[in-house]
Amino acid sequence: MLCINLQEKNIRGKMVNSKNSFWQALVVTIFVFIAGLVLGFYIELSNVGKSDMLIRSSEVDFLDQQIKVSSLSSDINFNCENARKNVFDFADQIYKDATKFEEEDAQSKLTEDQRDILHKRYDLLRLNLWLESLKLREKCDENFHVILYFFDYSSPDIDVRSEQRILSLVLLDLKYKYPNKVLLLPIAANMDLGSIDMIKENYNISSSPTLIIDESLVIDYLLTSDELEKILFKDEQREKVIVLNS
């Protein structure tokens, strides 16, 4: 009889221990799940915040740049060499910020609308920088070359994406070779921005990728680095066309 009671107690003890282990495991699982959700939320919030900070930082830099370059239209004794350096430095900074944003964008879960807005802001920053560079070259008689590179953002066309990758490498190769003589400004052509569409219409741009070189030459075909270099530095001076419709 005593043996039977001991066996029953052991069985009950094991059942109690099993129940306790189950509840302990359940509590731990729920805690880990909730902690994961909270951590994921804060990481995602941090990614969005970083991207927004990049854009806001670029906008502040652009306003600063506008003030510097706008002095070109005034009677202030403006230093053209410093103005040129500022334009190139700001273009490089926009490129670095945009590249950093692309890396963070790949790790985040921004909506398509959020990504489009951020990209549009970068495109407008580059477009405004282009317009300011025109004033700089006119006022200071600068001889650097400006290349507007129109591409399709997130194009579903495989051929277009392939051509854009090839042309991007050609442009980067030229930019690295002439860092202070070539101002390279990539702009997405398919973001439904009125100011960009106006320029495309004025230059009869209907496809991507397309280059506008020094406001005078439109190239809508692939070319090598040597060919592009010859166009920029060896061809005769070309007559410029109207930049924007009045």
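Condition check for residue 179 on (1) farther than 15 Å from residue 210 by Cβ; (2) out of contact with any helix residue (DSSP H, G or I) (no Cβ under 8 Å at 6 or more places or on another chain): one failure, at (2). Does residue 208 satisfy being among the hydroxyl-bearing types (Ser, Thr, Tyr), surrounded by 19 or more Cβ atoms within 10 Å (Cβ to Cβ) and modelled with pLDDT of 90 or more? Answer is yes for this residue. Residues of region 71-88 that are surrounded by fewer than 12 Cβ atoms within 10 Å (Cβ to Cβ) and either in a helix (DSSP H, G or I) or at pLDDT 70 or above (or both): 73, 81, 82.
Could you tell me which residue of region 143-159 is nearest to residue 91 (Cα to Cα), considering only residues that are hydroxyl-bearing (Ser, Thr, Tyr) and either in contact (Cβ under 8 Å) with a residue 12 or more places away in the chain or touching a helix residue (DSSP H, G or I) at 6+ places or on another chain (Cβ under 8 Å) (or both)?
First, the residues of region 143-159 that are hydroxyl-bearing (Ser, Thr, Tyr): 149, 153-155.
Filter once more, so that each one left must be either in contact (Cβ under 8 Å) with a residue 12 or more places away in the chain or touching a helix residue (DSSP H, G or I) at 6+ places or on another chain (Cβ under 8 Å) (or both): 149, 153, 155.
On the way: 149: 13, 153: 19, 155: 24 Å.
This residue is 149.
For the subset of region 215-229 comprising residues that are charged (D, E, K, R) and buried (at least 17 other Cβ atoms within 10 Å of the Cβ), which member is farthest from residue 130 (Cα to Cα)? Going through the qualifying residues, I end up with 229. On the given criteria, is residue 186 within 21 Å of the chain's Cα centre (by Cα), part of a loop (DSSP other than H, G, I, E, B) and closer than 21 Å to residue 84 by Cα? It is false that residue 186 is within 21 Å of the chain's Cα centre (by Cα), part of a loop (DSSP other than H, G, I, E, B) and closer than 21 Å to residue 84 by Cα.
Look at residue 191 and say whether it is of a type outside the set (S, T, N, Q) and assigned to a loop (DSSP other than H, G, I, E, B). Outline the logic, then answer.
Details: of a type outside the set (S, T, N, Q): yes; assigned to a loop (DSSP other than H, G, I, E, B): yes.
Yes.
Residues that are more than 26 Å from residue 121 (Cβ to Cβ), among the hydrophobic types (A, V, I, L, M, F, W, C), modelled with pLDDT of 90 or more and outside any helix (DSSP H, G or I) within region 211-246 comprise 217, 219, 222, 223, listed in sequence order. Among the residues making up region 181-203, those that are within 22 Å of residue 97 (Cβ to Cβ) and either in contact with a Lys or Arg (Cβ under 8 Å, 6 or more places away or on another chain) or buried (at least 18 other Cβ atoms within 10 Å of the Cβ) (or both) are 182, 183, 184, 185, 186, 187, 188, 189, 191, 193, 196.
If you filter region 134-153 down to residues that are assigned to a loop (DSSP other than H, G, I, E, B) and of a type in the set (Phe, Trp, Tyr), you find that the one that is farthest from residue 82 (Cα to Cα) is 153.
The values are calculated or read from the model by the stated rules, or taken from the named source; none is laboratory data. Everything numeric in this text was worked out from a predicted model, so none of it was measured. So basically every Cβ, Gly included, is an ideal-geometry build from the backbone, and we count neighbours across all protein chains shown.
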